[in-house]
């Protein structure tokens with residue numbers, strides 16, 4: 001793992017946070033503007049607008065066409081990217097360390113001077129509608145959307161970041177401009193930089209670029225979602241069943257989130273995990289099955305996903321329940337926690353080989369916790385988890401009366417199986 005010279009957190013004179021991880025051994029520079037606005041901050045009738053706006057910032061500015069942006073970034077040895085989650089939107093430009101000035105100029109231009117005109121909106125509506133159609137036709141991905149909808153219900157956390165075909169189609173140029181003016185400014189803005197960069201220079205650039213922005217108007221405080229403990233069927237015609245099952249988990253500031261992450265790892269991360277060994281290797285009922293833990297500012301989830309034939313979905317769910325019960329009743333096997341720790345740390349460390357990935361890690365952590373944590377701190381938190389911690393989290397989180405399950409499978413059989421599984425016990 002590359003060792004950072006330092007991670008510094010400063011503020012511009014106007015108060016914008018600037019977090020820099022200096023990596024003098026790198027020859028790249030990755031810069032991003034993070035905005036504390038995501039799909040959970042949208043009105044229901046405008047679902048998908050944050051994601052739409054993310055698309056539109058790549059369609060040109062008052063200074064550059066979209067093609068000129070692409071040509072100049074690539075001539076600097078870099079690339080542009082962005083993403084929208086339930087809680088943040090991020091815009092990124094990466095380049096060589098020797099061309100960081102180009103990356104800074106283009107990133108600031110994108111965030112400050114986007115065209116946001118009707119022609120761009122029409123074009124990107126078509127693109128986003130295709131993206132939504134692709135998602136709905138890819139059940140491996142779509143089951144995650146459906147599970148969130150089941151778990152969080154009518155709360156905005158339960159909606160897809162992409163919105164729906166109906167809400168996206170109804171968006172107007174005025175909608176997009178108003179959302180931009182309301183959200184794309186301090187205090188919901190932070191600048192993150194990683195690579196062979198000078199922290200003082202990044203602070204100066206951030207100040208010159210963004211300190212002139214008027215502050216965003218106050219918005220209603222986010223309300224934490226209530227989880228649903230229910231089984232819901234979303235019918236599909238194919239005989240393959242896609243299943244998501246899980247429980248409310250830990251927030252991004254909960255100190256127990258590392259123990260829950262290791263609980264999920266032992267249960268269903270990797271080919272040595274309990275679920276993979278019992279259900280894939282011994283029974284041959286699935287190609288893939290995995291468990292994970294996700295955290296947000298005020299909520300979280302521990303979830304398990306698999307797909308199998310509709311004839312076997314009930315059997316697989318019961319086997320999952322059996323493994324949950326075994327973990328809760330018997331605790332961990334010898335060496336199981338250390339193996340899970342090394343697997344989790346290995347995945348984490350390998351992802352830190354690029355400045356772009358480190359930047360996303362740093363940005364996500366800062367926006368959700370208000371702190372810039374080092375990779376070493378995260379690894380220490382993983383190492384600090386004990387067998388007792390994992391056993392306690394298994395018994396605390398994986399409760400039958402908190403189980404939420406989504407079946408994306410043929411309706412008649414799935415309704416029958418859901419009813420049979422009401423008696424599931426673990």
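Only the coordinates and a few stated rules stand behind these numbers; no lab work does. Here the structure is a predicted model, which is why all the values come from computation and not from measurement. Neighbour counts are summed over all protein chains in view; Cβ atoms, including those assigned to glycine, are modelled from backbone coordinates with ideal geometry.
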**OP:** Name the most mobile residue of 114, 235, 199, meaning the one with the largest mean-square fluctuation, in a Gaussian network model of the chain with Cα contacts below 10 Å.
**Re:** 235
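Let me have the 222 nm mean residue ellipticity of the chain computed from DSSP H runs of 4+ only, each contributing -39500 (n - 2.57), with the sum over all residues rounded to the nearest 500. Before the final figure, lay out the partial values.
Values: 15 runs with 183 residues, N = 426.
Per the formula, -13500 deg cm²/dmol.
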**OP:** Run the numbers on the chain and let me know its relative contact order in percent, using alpha-carbon pairs under 8 Å that are six or more apart.
**Re:** 21
Original post:
segment 1-61 to segment 147-211: how many Å between their Cα centroids?
Top reply: 9
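Can you give the Rg/Rh ratio of segment 6-210, where Rg is from the C-alpha atoms and Rh is the Kirkwood radius?
Numbers: Rg = 17.6 Å, Rh = 17.8 Å.
Rg divided by Rh gives 0.99.
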**OP:** Work out the FRET efficiency for residue 309 and residue 154 from their Cβ-Cβ distance, taking R0 = 41 Å, and round it to the nearest 0.05.
**Re:** 0.80
Original post:
Among 302, 110, 134, which one shows the biggest mean-square fluctuation in a GNM of the chain, springs joining Cα atoms closer than 10 Å?
Top reply: 134
